[in-house]
Amino acid sequence: MNQNNHFRLTLSTLLQQCQQDITSLPTAMRAVFSWQRGLNELKTLRRTTKLMMSTMLIVTIIGFILGRDYSLHGWIGLLTGITVVINLILVDQGRLTNYSWGIIACAAWLTTAITNRLIGDIASQSFYLIMQFVGITVWHRKMAAQPDASELTGRKLSKLAGCAWFALAVLVYAIVLHFSKQLNGNQIYLDATLLPLGIVGSVLMVNGYRSQWVAWITLDVINVIIWFNQLKGFSPAAASMLALQLVMLANALYGAYLWFFGQSAQQDKLDAH
């Protein structure tokens, strides 16, 4: 009976929190899309982060130029690259306005994935687009509860939770692989990893867990391989997307460093609850 009461209480609390998050979404959206806040969050980045962002943007633009794909899809690929870079840089330092860039990036990337018939990538980007709005409400709430509301601080993930997320990733991989075969997708064994890794990374990111970067680094390595193969087949926007994947991999390594070693040690008290 006590266990049933505990379950009902937990479920009731979660439902109340979801209701509050939905109600607060308009306020959170205004904060995310505030140009004053967005400009300030870019201006106050660390010098190293600004250097990283500049390098990533240059590489993205060079990749677009070398690819010589000036079609509509090529320009969409460039837009994807630029918005993803800014989004990732802001995520590195736990800045709320990353989601304004993330929404644009997901929509543009989804268009490119559809053009290349990458079923796993289509599913991943659709999921990411939805998660942008979830992340907006959760980050806005968590940051408001911190002493310093300018950046979200990271937490550790327990070993048990890590094993559970790994098992879920394997299950989702098997499902995506099945549908990719049925839909005649490209590079299905690699492509099918994108959604499960994206789900794990996104959920851990939304909840402020440092272990998200393990999923992102793995995903980025796989994406580099996928888009290198697409480039060899002269696929639309492949050059821009390959450059973007290399940039994202470098950023993931940098983001992992910041979240694991660059944040204040006093936040360890919040870990693994």
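From (1) more than 24 Å from Ala107 (Cβ to Cβ); (2) in a helix (DSSP H, G or I), pick out the condition that doesn't hold for Leu129.
Here Leu129 clears every test but (1).
Taking the criterion of being at pLDDT 90 or above, closer than 27 Å to Ile58 by Cα, in a helix (DSSP H, G or I) and not small (Gly, Ala, Ser), would at least one residue in the stretch 230-245 satisfy it?
no
Which residue, of Ala123, Ala107, Ala31, is open to solvent by less than 30 Å² (accessible area, probe 1.4 Å) and either among the hydrophobic types (A, V, I, L, M, F, W, C) or over 22 Å from Leu197 (Cβ atoms) (or both)?
Ala31
Among the candidates Thr137, Thr111, single out the residue that is in contact with a Ser or Thr (Cβ under 9 Å, 6 or more places away or on another chain), more than 24 Å from Ile225 (Cβ to Cβ) and touching a residue at least 24 places away in the same chain (Cβ under 8 Å).
Thr137
Results for (1) modelled with pLDDT of 90 or more; (2) closer than 28 Å to Gly38 by Cα, shown as yes or no for each residue.
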site	(1), (2)
Thr111	no, yes
Ile119	no, no
Ala123	no, no
Tyr128	no, yes
Thr137	yes, yes
Ala169	yes, no
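For the stretch 206-222, what are the residues that are assigned to a helix (DSSP H, G or I) and modelled with pLDDT of 90 or more?
The answer is Gln212, Trp213, Val214, Ala215, Trp216, Ile217, Thr218, Leu219, Asp220, Val221, Ile222.
Could you tell me whether the stretch 60-71 includes any residue that is under 28 Å from Met143 (Cα atoms), open to solvent by less than 40 Å² (accessible area, probe 1.4 Å) and of a type outside the set (A, V, I, L, M, F, W, C)?
Among the residues of the stretch 60-71, not one is under 28 Å from Met143 (Cα atoms), open to solvent by less than 40 Å² (accessible area, probe 1.4 Å) and of a type outside the set (A, V, I, L, M, F, W, C), which makes the answer no.
Yes/no matrix, rows are residues, columns are (1) more than 17 Å from Tyr99 (Cβ to Cβ); (2) of a type in the set (Phe, Trp, Tyr); (3) buried (at least 21 other Cβ atoms within 10 Å of the Cβ):
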{"position": "Ile136", "(1), (2), (3)": "no, no, yes"}
{"position": "Met143", "(1), (2), (3)": "no, no, no"}
{"position": "Ala149", "(1), (2), (3)": "no, no, no"}
{"position": "Tyr173", "(1), (2), (3)": "yes, yes, no"}
{"position": "Val176", "(1), (2), (3)": "yes, no, yes"}
{"position": "Tyr189", "(1), (2), (3)": "yes, yes, no"}
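Six or more apart or on different chains, Cβ under 7 Å: which pairs go from a residue in the stretch 142-165 that's under 14 Å from Gly208 (Cβ atoms) to one that's open to solvent by 90 Å² or more (accessible area, probe 1.4 Å) and modelled with pLDDT under 85? Could you list them?
none
Any chance you could count how many residues in the stretch 183-205 are at pLDDT 85 or above, outside any helix (DSSP H, G or I) and of a type in the set (S, T, N, Q)?
The total comes to 1.
The values are calculated or read from the model by the stated rules, or taken from the named source; none is laboratory data. Bear in mind the structure is a predicted one, so any value in this text is a computation, not a measurement. Positions of Cβ are generated from backbone atoms using ideal geometry, with glycine treated the same way; all protein chains shown enter the neighbour counts. We work out accessible area using only protein heavy atoms, side chains counted, and drop any ligands, DNA or RNA first. Shrake-Rupley method; radii C 1.70, N 1.55, O 1.52, S 1.80 Å.
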